[in-house]
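Report on the following structure.
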Amino acid sequence: MTLAEEIQAQAVRSAAAATPEVNAIRQASLAAVADLPREDAPKLGDVAPDFELPDATGGRVRLADLVSAGPVVVSFYRGGWCPYCNIELRALQQALPAITAAGGTLVAISPDAPDSSLSTAQKDDLDFAVLSDTTAATITAYGLNFTIDSATRAVVSDSEVERAHAEGIETEVLPIPATYVIDSERRVTYAFADPNHTHRAVPEEIVAAVQALSNQHS
């Protein structure tokens, strides 16, 4: 099953478990997030903002250091409480050997606290760094931020919100799902950002973008 098929199956399960009224509110909330301006989000050829964030074990990871070793994949996700994000993280783990073989590094960023990120990494057996942006400073620098207001709040269930707060999220700001491939000069060579949280970057496209950068320097 492809990533898109797994996410679609999750969307069907989520819709089936909700009332028609809740589903209608969710659709309206998705539309509200989709209407937010995204001029600041990195585009092809842009220089990606640098960042330095803690990983799940408390170490510090800086983008400028990562790109010195080869192409870097940076994937933003909403949090370990989000079932769609967990599906995506597992798909990225499956793509990791191909990314690594092409000389690339993969990191994922969410507002989750480091302890929560460690739980996510352990639960999904992730072999890449899961970074914590609890203040949403990096998320905002990348222009991916939106605030949980009365409309967007309805997209997230009560249990998901409770879990998110329990896991140490310090902000009401979440990122829209986004994935970038970044070269040695921090230039963006692949960009995916979609306000619909059921849409995610295709792993095969990410791998191809990393391979293309590696081929340029081989």
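Values in this text are rule-based calculations from the coordinates and carry no lab data. The structure presented is a predicted model; accordingly, all values stated were derived computationally and were not measured. With ideal geometry, Cβ positions are generated from the backbone for all residues, glycine too; neighbour counts draw on all protein chains shown.
I want to verify a result. In a Gaussian network model of the chain, Cα cutoff 10 Å, which of these has the top mean-square fluctuation: Thr135, Thr179, Thr19?
Thr19
For Arg187, what residues show an amide H to amide H distance below 5 Å, using hydrogens built from the backbone and excluding near sequence neighbours?
Here Ala48 satisfy the definition.
Sticking with the crude label model, points 7 Å out along Cα→Cβ, report the distance from Arg13 to Ser68 in nm, one decimal please.
4.3
In the Gaussian network model of the chain, springs joining C-alpha atoms below 10 Å, which of Val202, Val73, Val12 carries the largest mean-square fluctuation?
With Cα springs under 10 Å in the chain, the top fluctuation among Val202, Val73, Val12 is at Val12.
For the stretch 12-28, in order, what is each residue's ³J(HN,Hα) by Karplus, 6.51 cos²θ - 1.76 cosθ + 1.60 with θ = phi - 60°, in whole Hz (x at glycine and Pro)?
So the J values, rounded to whole Hz, are 5, 5, 5, 5, 5, 7, 10, 7, x, 5, 5, 4, 5, 5, 4, 5, 5.
Nearest 10 degrees, 0 to 90: what angle lies between the long axis of helix 83-101 and the longest principal axis of the chain (Cα atoms)?
Helix 83-101 sits at roughly 10 degrees to that axis.
What residue among Thr100, Tyr142, Pro49 has its Cα farthest toward the positive end of the dipole of the chain, where the charges are +1 on Lys, Arg and -1 on Asp, Glu, each on the Cβ?
The one lying farthest along the dipole's positive direction is Thr100.
Would you mind telling me which residue in Val47, Val74, Val33 has the biggest mean-square fluctuation in a Gaussian network model of the chain, where springs connect alpha carbons within a distance under 10 angstrom?
Maximum among the listed residues: Val47.
Measure nothing fancy, just the Cα-based angle from helix 114-123's long axis to the longest principal axis of the chain, in degrees from 0 to 90, nearest 10.
The answer is roughly 90 degrees.
For Val47 and Glu205 in the same chain, what is the full-extension length gain: residue separation times 0.36 nm, less their Cα-Cα distance, in nm?
Details: separation 158, 0.36 × 158 = 56.88 nm, distance 2.02 nm.
Contour length minus the Cα-Cα distance gives 54.9 nm.
Per the helix-only calculation at 222 nm, which mean residue ellipticity applies to the chain, given -39500 (n - 2.57) for every DSSP H run of n ≥ 4 and division by its residues, nearest 500 deg cm²/dmol? Spell out each step's value before the answer.
Values: 8 runs with 91 residues, N = 218.
Result for the chain, helices only: -13000 deg cm²/dmol.
Could you pull the Rg and Dmax for the stretch 3-216, using just the Cα atoms, both in Å?
That works out to 16.4, 52 Å for Rg and Dmax.
Excluding Leu131 itself, what net charge comes from residues whose Cβ is under 12 Å from its Cβ, given Lys and Arg +1 and Asp and Glu -1?
Details: positive: Arg60, Arg62; negative: Glu52, Asp55, Asp112, Asp133.
Net charge in that neighbourhood comes out at -2.
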